[in-house]
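Every read-out reported here was derived from the displayed coordinates using simple, explicitly stated rules and does not represent laboratory data. It should be emphasised that the depicted structure is a prediction, and the values quoted were computed from it without experimental measurement. In this analysis, Cβ positions are derived from the backbone assuming ideal geometry, glycine residues included, and neighbour counts consider all displayed protein chains.
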């Protein structure tokens, strides 16, 4: 029996995968932009960003703009590697049907 590669449980969450996928294509992204693109709630997005930060997949920068809090996120090298590994592992699931 062919072994399937284990999928990263952090990236296997739909919202966390969406966040990382969006961050790969930008230098950094503000919280509100991620909120708009993902359609998540404030609380859920905040929790998932925290989980990605704890794992070292993203950096989170908190600052102020015109006396309002501003949170921005960017992908880390570790996050990019984890995403690429996840995609490679996932692609193996699609190739299994071709093998006999």
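What residue, of 88, 84, 44, is outside any strand (DSSP E or B) and surrounded by 12 or more Cβ atoms within 10 Å (Cβ to Cβ)?
44
Look through the stretch 22-36, keep the residues that are part of a helix (DSSP H, G or I) and out of contact with any strand residue (DSSP E or B) (no Cβ under 8 Å at 6 or more places or on another chain), and return whichever of them is nearest to residue 8 (Cα to Cα).
It comes out as 35.
For the stretch 66-81, state whether one or more residues are in a helix (DSSP H, G or I), without any contact (Cβ under 8 Å) to a residue 60 or more places away in the chain, under 27 Å from residue 95 (Cα atoms) and more than 10 Å from the chain's Cα centre (by Cα).
Yes, the stretch 66-81 has at least one match.
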